[in-house]
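Engineer: Shown below is the structure under consideration.
Only the coordinates and a few stated rules stand behind these numbers; no lab work does. Computed from a predicted model, the values in this text were never measured in an experiment. Cβ placement follows ideal geometry from the backbone for every residue including glycine, while neighbour counts extend to all protein chains displayed.
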Amino acid sequence: MFDEVADRYDITNDVLSLGQTRRWRRKLVAALAVRPGERVLDLAAGTGSSTEPFHDAGAEAVACDFSLGMLQVGKRRRPDMSFIAGDAMNLPFADDTFDAVTISFGLRNIVDPLAGLREMLRVTRPGGRLAVMEFSDPTNKVFNTVYNEYLMRALPPTARAVSSNPEAYVYLAESIRAWPDQDHLAAEISAAGYAAVKYRNLSGGIVAIHHATKPGDLLAS
Ligand SMILES: C[S@@+](CC[C@H](N)C(=O)[O-])C[C@H]1O[C@@H](n2cnc3c(N)ncnc32)[C@H](O)[C@@H]1O
C-alpha cells in the first residue's frame, strides 16, 4: 500500500493535516531533545520526512522502513540522508545501537505494535530514549465528534482529489479510529519494558507524543 502512495505521500499529508504535520514534527524533535552527533533511529520513516528534522538538528539519523517505494522517493529527495530497508518486527540492527528511537505515524501500521516496541527497546542503548508520535483522541468531547466526522466524511473525498491511491486513506481514517487512546498507548509502552512513560497532546489530542526511556544507565537518560 505504501509503495503505491509513495510519490504523492508528502503532499497528501500536508493537505489532509491542513499543514499541521510540519509543526508536529518540530515538536517531536524538541521532545526527544536530540544532541548533535547522537545516533537516532527513525522507524517506519517512509520518505524520510519525519527523519529530516533530526538529521538537520545534527543527529546521525537513520531512516528505516520496509517499503522500498517510500525509501526510493526519500533517497531521491534527500541523497545526503541514510535510508535502510528493514522490518520493524525484526530490525537489522544490533542490541543497544541507538541513543534514541522515534516513530511517527508508523506504530499504528505495524501488524504487532507490541512486538515493534520490544524491537525498538532492544536496539536502544540502556538509558536511551523513545518518542512515539501518533494520531490519538481529541480531549474535548464536542471537538472529538467534529473530528470523527472529518475523518469519516471529509477525509476520503479530499484524499480522492490529491492522492494516487484514495483507498489507502479510507484505511487511514479507519485505523485512526481503531487506535488506542493516550493512556492505553502509554500502558502498552510500559508493557514493552520502557520506564518513565509520559505523553503530551498536540492540536487538542489529534496527535500525541509519548516519551519513555530504556531502563539501565539512569545517569545517561
Ligand atoms: C504513515 S507512514 C509514516 C511515514 C513517516 N514516518 C512520516 O511521518 O511521514 C507509515 C510507514 O510505516 C511503514 N511500515 C509499516 N509497517 C512496517 C514494518 N513492519 N516495518 C517497517 N516499516 C513499516 C510503511 O511502509 C510506511 O512508510
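Engineer: Does anyone have the angle between helix 21-32 and the longest principal axis of the chain? Alpha-carbon axes, 0 to 90°, nearest 10?
Structural biologist: 20
Engineer: So, by mean Cβ neighbours within 10 angstrom, what's the order for 89-96, 25-32 with the highest one leading?
Structural biologist: Numbers: 89-96: 13.1, 25-32: 17.9.
Packing proxy ranking, top to bottom: 25-32, 89-96.
Engineer: Given the -39500 (n - 2.57) contribution per DSSP H run of 4+ residues, what per-residue ellipticity at 222 nm results for the chain, rounded to the nearest 500 deg cm²/dmol?
Structural biologist: Numbers: 10 runs with 89 residues, N = 221.
That comes out to -11500 deg cm²/dmol.
Engineer: Taking the DSSP beta bridges in the chain as the whole, what percent of them are antiparallel, to the nearest 5?
Structural biologist: On the way: 14 of 33 bridges.
Once the DSSP bridges in the chain are tallied, antiparallel ones form about 40 percent.
Engineer: Let me ask another. Please compute the contact order of the chain in relative form: average sequence separation of alpha-carbon pairs under 8 Å and at least six residues apart, divided by the residue count, as a percent.
Structural biologist: Numbers: 411 pairs, mean separation 45.6, N = 221.
The normalised contact order for the chain reaches 21 percent.
Engineer: Just how large is the dipole of the chain about the Cα centre, in debye to the nearest 20, putting +1 at every Lys and Arg Cβ and -1 at every Asp and Glu Cβ?
Structural biologist: On the way: 24 positive and 27 negative charges, 125 e Å.
With Lys and Arg at +1 and Asp and Glu at -1, about 600 debye.
Engineer: Which of the listed residues, Ala186, Asn140, Leu114, is farthest toward the dipole's positive end in the chain, when Lys, Arg count +1 and Asp, Glu count -1 at the beta-carbon?
Structural biologist: Asn140
Engineer: Excluding Gly204 itself, calculate the net charge of residues whose Cβ lies under 14 Å from the Cβ of Gly204, where each Lys or Arg counts +1 and each Asp or Glu counts -1. The partial results should precede the final answer.
Structural biologist: Numbers: positive: Arg23, Lys27, Lys141, Arg200; negative: Asp137, Asp181.
Charge balance near Gly204 sits at +2.
Engineer: What ranking, highest mean first, results for peptides 181-193, 59-71, 2-14, 42-54 when packing means the other Cβ atoms within 10 Å averaged over each residue? Before the final figure, lay out the partial values.
Structural biologist: Details: 181-193: 16.2, 59-71: 22.2, 2-14: 18.1, 42-54: 26.0.
The most tightly packed comes first, giving 42-54, 59-71, 2-14, 181-193.
Engineer: Now a separate question. Sorted by average packing, counted as other Cβ atoms within 10 angstrom per residue and highest first, what order do 73-81, 102-110 take?
Structural biologist: On the way: 73-81: 15.2, 102-110: 22.8.
By packing density, highest mean first, the sequence is 102-110, 73-81.
Engineer: Among Tyr194, Tyr169, what is the fewest-to-most ranking by other Cβ atoms within 10 Å? Could the numbers behind the result be given before it?
Structural biologist: Details: Tyr194 24, Tyr169 21.
Listing Tyr194, Tyr169 from fewest to most nearby Cβ atoms yields Tyr169, Tyr194.
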